[in-house]
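Structure first, then comments.
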Amino acid sequence: NARQTTMSEVEDTLQRIKFQPGVEGYVICNRSGTVLRRFPSMSQELAELYAEHIKHLAWKARGTVRDLDPQNELRYLRVRAKKHEVMVAFDSEFLVIVIQRWTPAGSS
């Protein structure tokens, strides 16, 4: 079954993400921002906060790319803040948000 294979691939990917150095969380949400999955140690409240705010930023960025070139499509968004880096992968129905600790080069 293709759906089972896809879910298996999703589970494998989430397992890999969980054990990457610096990863502090992930959220998978649908287009409306409903949290479908989250990093095991991440609170539901924090996951919902990321989903709600990042969803707006992500869809705005996607629309901006399309406005600049209707033949283009945003597939990935990366935002670096002082303490964290937030990476967002797009699907037609879902957003995958990964939050990782960010330390500038040369910092300890």
Within the stretch 16-63, work out how many residues are among the acidic types (D, E) and not in a helix (DSSP H, G or I). 1
Among the residues of the stretch 31-48, count how many are surrounded by 13 or more Cβ atoms within 10 Å (Cβ to Cβ) and more than 21 Å from S92 (Cα to Cα). 3
Of all residues in the stretch 85-108, how many are more than 10 Å from the chain's Cα centre (by Cα), at pLDDT 90 or above and of a type in the set (A, V, I, L, M, F, W, C)? 0
So I99 clears everything in (1) open to solvent by less than 50 Å² (accessible area, probe 1.4 Å); (2) closer than 18 Å to K18 by Cα; (3) assigned to a helix (DSSP H, G or I) except one condition, right? Which one? (3)
So if I check each of A81, A58, which one is open to solvent by less than 50 Å² (accessible area, probe 1.4 Å) and free of Cβ contacts under 8 Å to residues at least 60 places away in the same chain? A58
By residue number, the members of the stretch 65-87 that are in contact with a Phe, Trp or Tyr (Cβ under 7 Å, 6 or more places away or on another chain) and outside any strand (DSSP E or B) are L74, R75, K83
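The values are calculated or read from the model by the stated rules, or taken from the named source; none is laboratory data. Note that the coordinates shown come from a computational prediction; the quantities given were computed from them, not determined experimentally. Because the Cβ atoms are built from the backbone with ideal geometry, glycine has one as well, and the counts that use them run over all protein chains shown. Note: accessible area is taken over every heavy atom of the protein model, side chains too, but ligands, DNA and RNA are not part of it. Shrake-Rupley method; radii C 1.70, N 1.55, O 1.52, S 1.80 Å.
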